[in-house]
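Nothing in this text is a laboratory measurement; each read-out follows from the coordinates by a stated rule. Here the structure is a predicted model, which is why all the values come from computation and not from measurement. Backbone-built Cβ (ideal geometry, glycine too); neighbour counts: all protein chains shown.
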Amino acid sequence: MAADEEGPILATVRPGNLKEELAKRSGNFVLSFGFPGSGKTTLHSFLMRYLMEGGPYKTEVVRRDHGEGADYETNRMITEWSREWRHGRFPESTPVGENEIRELSFEVQPMKGVRTPLEFSILEMSGEMMRTVIPSREQKPNLSRVIRDLAANERLNLVILLLVNPRVHENDNLFTSFMSYLDANLGGKDIRKRAKLGIVISDPEMALDYLKTYKPEFAHHAEFRGDLVEEFVASFAPQTYRIYKEWPDPRGAMMMRFHVGAIEDREGMPRLVTPDYGSASRLFDWLYLQFTGRRPGPTRWQRMWSWIRT
Ligand SMILES: Nc1nc2c(ncn2[C@@H]2O[C@H](COP(=O)(O)OP(=O)(O)OP(=O)(O)O)[C@@H](O)[C@H]2O)c(=O)[nH]1
Ligand SMILES: [Mg+2]
């Protein structure tokens with residue numbers, strides 16, 4: 001296939017209207033929350049790339065026909081993401097506006113071992129519409145109805161991913177304002193008892209620079225992983241760290257970096273030169289476990305068998 005030729009996108013169509021539906025829907029949902037530029041679209045598009053091209057899965061995009069051309073737009077977005085990644089380019093920032101919010105659903109079938117298919121949705125939405133949750137002197141905290149409906153819907157299995165943007169200092173303020181907003185607006189129901197929590201640090205190279213700048217004792221570290229991830233959150237987002245530590249079910253809470261591979265600077269723009277699906281695979285394994293209760297792929301027996309044979 002030529003570099004710019006589009007491969008087929010397998011699709012199943014389910015009817016629905018995004019705004020009306022989210023309040024009533026059941027199923028699995030991932031809500032990525034973070035400032036503009038915190039890497040939500042990068043994570044969504046790279047995870048999609050892993051599931052459709054990089055990993056041992058058969059993945060179909062489930063089209064939800066939300067009417068008014070939204071479906072066509074979703075299509076265009078997926079095609080654009082695939083094309084841009086093929087050239088190593090990061091996705092564009094998501095347009096602002098309620099009408100620009102898109103839901104994307106995937107049906108993922110592992111090809112080996114535990115083959116239970118998983119269907120889950122993600123929400124593509126601009127971070128500009130999330131930062132309004134921070135109260136200011138002029139403005140009460142405010143959040144899109146789409147997010148409120150998602151958080152209030154007890155039939156959904158909800159995973160909240162908090163995307164930490166290593167370029168800004170106010171991540172802690174954003175996430176604690178978000179939790180306070182949910183506490184005040186879900187009729188007394190505690191989102192912590194129902195949802196799972198993932199804290200994800202995008203752009204690990206930038207996070208490492210930041211850590212080294214403010215904590216010289218980390219100057220000798222070459223890679224941002226393991227303990228450094230926890231150190232970063234504990235130091236620069238201490239209240240968010242507490243939320244994570246106090247999550248009612250510790251098995252439903254995780255923290256990770258999101259690394260996409262080796263990056264070069266081309267005329268001031270980052271360019272992915274060697275993709276690395278390690279983070280995408282770890283994230284998907286965790287999501288699969290949260291939603292299905294099992295790990296995808298080879299069972300323990302299959303892993304042991306292949307170990308004996310090698
Ligand atoms: N070098 C590098 N840059 C990254 C990485 N992840 C994200 N970026 C940069 O951050 C930019 C913003 O990422 P997005 O994924 O668009 O952020 P977003 O949260 O979707 O932003 P909004 O849609 O505006 O809310 C990307 O275009 C990249 O330039 C990374 O791992 N490495
Ligand atoms: Mg975006």
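Whole-Hz Karplus values for the stretch 101-114 come out as 5, 10, 9, 10, 10, 10, 10, 10, 10, x, 8, 9, x, 5 Hz, taken residue by residue from phi with 6.51 cos²θ - 1.76 cosθ + 1.60 and θ = phi - 60°; glycine and proline positions read x.
Backbone phi angles across the stretch 199-216, fed through the Karplus curve with coefficients 6.51, -1.76 and 1.60 (θ = phi - 60°), yield HN-Hα couplings of 10, 10, 9, 7, 6, x, 5, 5, 4, 5, 4, 4, 4, 5, 5, 8, 9, x Hz in residue order; Gly and Pro are listed as x. Using only Cα coordinates, the Kirkwood hydrodynamic radius of the stretch 115-178 works out to 13.8 Å.
Look at where the Cα atoms of the stretch 215-232 and of the stretch 260-302 average out, and the two centres are 21 Å apart. The lysine pair tally for the chain, using Cα distances under 20 Å and a gap of 8 or more places or different chains, is 8.
Distances between placed amide hydrogens fall under 5 Å for MET255 paired with ILE199, all partners being 5 or more residues away or on another chain. Cβ-Cβ distance of ALA23 and HIS220, R₀ of 41 Å, FRET efficiency by 1/(1 + (r/R0)^6): the value works out to about 0.20. Structural descriptor for the chain: relative contact order 21 percent, calculated from alpha carbon pairs under 8 angstrom and at least 6 residues apart.
What does the charge count around ARG271 come to, taking other residues whose C-beta lies under 11 Å from its C-beta (Lys +1, Arg +1, Asp -1, Glu -1)? Residues close to ARG271 contribute a combined charge of -2. Restricting the calculation to alpha carbons of the chain gives Rg and Dmax of 19.4, 67 angstrom. When the alpha carbon gyration tensor of the stretch 107-242 is reduced to an equivalent ellipsoid, its three semi-axes come out at 28, 24, 13 angstrom, largest first.
Share of pairwise Cα-Cα distances greater than 14 Å in the stretch 165-214 is 63 percent (whole percent).
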